[in-house]
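A quick write-up on the structure given underneath.
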Amino acid sequence: MSLANYIKGSSFLKKIFVPLGNAYANAAGYRKLGLRYDDIIAEESDVVREALRRLSEKETYDRAYRLRVAMQCSLSHTELPKDKWTKPEEDIRYLQPIIDQVESEVAERAKFDTLKPTRN
């Protein structure tokens, strides 16, 4: 069981860490530009590029739109109006599950490629 799942399963720890996590995300500032957390994942690795390739057409379009709006805000040194900020309930992980899937496939492929044949 991961630490995140353990915290989600404990009501006491959830009361402590969820507000703390939201405060950190708000301080990071990406929500003020209309971005989601997965929008700021670096695209340099092959795994992330493959995950981005597997996104649906709508999600790809939405991501590109959010990135363009954020770039325009950055260039003009402004933030979006408060009603257009990404709300915590909208900031869901859409790319990380695909990244995890691609990583497991890469690990499985690597394990398969290193198998040594044995004689019975």
Which one of these is in contact (Cβ under 8 Å) with a residue 40 or more places away in the chain and part of a loop (DSSP other than H, G, I, E, B): Glu44, Glu89, Glu103, Glu79?
Glu79
Residue hits (the stretch 47-63; farther than 28 Å from Val18 by Cα, assigned to a helix (DSSP H, G or I) and not β-branched (Val, Ile, Thr)) are Arg49, Glu50, Arg53, Glu57, Lys58, Tyr61
Can you tell which of Thr78, Thr114, Thr118 is of a type outside the set (Asp, Glu) and under 30 Å from Ser2 (Cα atoms)?
Thr114
Checking Asp38 against (1) farther than 28 Å from Glu105 by Cα; (2) open to solvent by less than 50 Å² (accessible area, probe 1.4 Å); (3) of a type outside the set (Gly, Ala, Ser): exactly one of these is not met. Which one?
(1)
Evaluate the stretch 51-65: report whether one residue or more is surrounded by 15 or more Cβ atoms within 10 Å (Cβ to Cβ), among the charged types (D, E, K, R) and closer than 17 Å to Leu80 by Cα.
yes
With Arg31, Arg68 as the choices, which residue is under 20 Å from the mean Cα position of the chain (by Cα) and open to solvent by less than 80 Å² (accessible area, probe 1.4 Å)?
Arg31
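The values are calculated or read from the model by the stated rules, or taken from the named source; none is laboratory data. Given the structure is predicted, the values throughout are model-derived calculations rather than measurements. Cβ sites come from the backbone with ideal geometry, for glycine too, and all protein chains shown count toward neighbours. Note: accessible area is taken over every heavy atom of the protein model, side chains too, but ligands, DNA and RNA are not part of it. Shrake-Rupley method; radii C 1.70, N 1.55, O 1.52, S 1.80 Å.
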